[in-house]
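A.B. asks: Structure below; questions to follow.
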Amino acid sequence: MAKESWSRWVQAPQSVRLRKALFQVHLWTGIGLGTYIFVICLSGSVLVYRNELYTYFGPQPVLVERVGTAMSQDALERAARQAYPGHDVSNVRPGQAPNQAVEITLRGEGDPIRRLFNPFTGEDLGDPLPLGYRVTGWLLDLHDNLLGGQTGRRVNGIGAILLLLLALTGAVIWWPGIQRWRRSLTIDRKADWKLFNWSLHSAFGFWVWPFLIMWALTGAYLSFPAFFIAIVDYLEPFDWDNPVERVGDRVMYWLAFLHFGRLGGRGIPGCGAICNEVAKATWALVGLIPPALFVTGVIMWWNRVVRRWLNSG
């Protein structure tokens, strides 16, 4: 019986019940994770270059025209409280030059407010952090915590686990049979649009599968580090009499670098800065493929299920 089932799997996997069940798991997990995959993957591709973005959009000194005599600190604090009623001044940071804007931090209900003020007129000059810098920080919080703090990070971890399920079931249902497996490795550009869409989904899924597994595992680690640390402690109990780095410690150290593609030539002889840039570009480009997998998957589902259901009605 086992030999017969294996033969069916090798020759015609579409007839195997387990594959049909896993196909449904893959389908509905993919549909449910669609928006999440878009948000996480697109933001992740951008954040591969987050250090460069922070540097490029970093705050620069804001200089103003000298008009008369600079206001005293008390006068600036009064101007700030008047501009933001209900807030108290908690910090004043004068500029290094007399005509540089003064940064004032105010506290009230909610998060602290940081603003730049003209030291001569008391005019509110805006946020000390440029828009690009703030957008980068917002994207980072969205990617890491879904803008929801620790709760969002836990939800992110659940999403990573579901992505792992999606990748594993996808690997099983990808297998088309011994006669046709090579066809599933390439994109058929000459086919009609439905078959072309299928070949995109199949080929993309195969070639980015290692990345999906890696991102799922590293995403789960970044969301639930205590769980992974507990596994390492169980497999390699820490020896306080000989506190050396364990294999598990090195693995966890690498997980964060792998997740964001910040390899920097570490542990790769002769790789250096070139590997760093190649890795970043690879991670950023491959990060755009999972959203494409979702789109092609939805198109297949629409054609095979929804359209038939609509036509039957």
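A.B. asks: Specify the angular offset, from 0 to 90 degrees and rounded to the nearest 10, of the alpha carbon long axis of helix 17-32 from the longest principal axis of the alpha carbons in the chain.
C.D. replies: 20
A.B. asks: Which ³J(HN,Hα) values, rounded to whole Hz and listed in residue order, are derived for region 158-164 from phi using the Karplus coefficients 6.51, -1.76 and 1.60 in 6.51 cos²θ - 1.76 cosθ + 1.60 with θ = phi - 60°, glycine and proline given as x?
C.D. replies: 5, x, 5, 5, 5, 5, 4
A.B. asks: For a quick check, take a GNM of the chain with Cα springs below 10 Å and name the residue from 152, 34, 177 with the largest mean-square fluctuation.
C.D. replies: Comparing 152, 34, 177 in the GNM, the peak value goes to 177.
A.B. asks: Still on this structure: Once you list every other residue whose beta carbon is under 14 Å from the beta carbon of residue 302, what net charge do they have if Lys and Arg are +1 and Asp and Glu are -1?
C.D. replies: Working: positive: 194, 304, 307, 308; negative: none.
Cβ neighbours under 14 Å give a net charge of +4.
A.B. asks: What number, in percent, do you get for the relative contact order of the chain if the mean sequence gap of Cα pairs under 8 Å and at least 6 apart is divided by its residue count?
C.D. replies: On the way: 363 pairs, mean separation 66.4, N = 313.
Relative CO of the chain lands at 21 percent.
A.B. asks: Of the candidates 83, 160, 21, which one comes out as most mobile in a Gaussian network treatment of the chain with C-alpha springs shorter than 10 Å?
C.D. replies: With Cα springs under 10 Å in the chain, the top fluctuation among 83, 160, 21 is at 83.
A.B. asks: Just want to confirm a number: the relative contact order over region 73-128, from Cα pairs under 8 angstrom separated by 6+ residues, in percent.
C.D. replies: Reported relative contact order: 29 percent.
A.B. asks: Which angle between 0 and 90 degrees, to the nearest 10, do you get for helix 247-260 versus the longest principal axis of the chain when only C-alpha atoms count?
C.D. replies: 80
A.B. asks: Treat each spin label as a single point 7 Å out from the Cα along the C-beta direction, and report the residue 251 to residue 189 distance in nm.
C.D. replies: In this crude spin-label approximation the distance works out to 4.2 nm.
A.B. asks: I would also like to ask the following. To test your reading of the geometry: what angle, between 0 and 90 degrees and rounded to tens, separates the Cα axis of helix 289-301 from the longest principal axis of the chain?
C.D. replies: Once rounded, the angle reads 50 degrees.
A.B. asks: How far is it, in nm, from the label point at residue 52 to the one at residue 244 when both lie 7 Å from their Cα along the line to the Cβ?
C.D. replies: So the label points at residue 52 and residue 244 sit 3.9 nm apart.
A.B. asks: Using semi-axes √(5λ) of the Cα gyration tensor in Å as the read-out, say which of [x] 51, 26, 19; [y] 31, 23, 17; [z] 26, 25, 18 was calculated from these coordinates.
C.D. replies: For semi-axes √(5λ) of the Cα gyration tensor in Å, the calculated option is [x].
A.B. asks: Right, something else. As an exercise, use a Förster radius of 45 Å and the Cβ-Cβ distance of residue 284 and residue 7 to find the FRET efficiency, rounded to the nearest 0.05.
C.D. replies: The value I calculate is 0.55.
A.B. asks: Here is a follow-up. Mind checking which of 248, 126, 58 has the largest fluctuation in a GNM of the chain, springs on alpha carbons under 10 Å?
C.D. replies: 126
A.B. asks: Please give the residues of region 86-113, grouped as numeric ranges, whose backbone N is less than 19 Å from a label point set 7 Å along the Cα-to-Cβ vector of residue 125.
C.D. replies: 90-106, 113
The numbers here are math on the coordinates, done by the rules we state, and not lab data. Small disclaimer: the values here were computed from a predicted structure and weren't measured. Cβ atoms come from the backbone with ideal geometry, glycine included; neighbour counts cover every protein chain shown.
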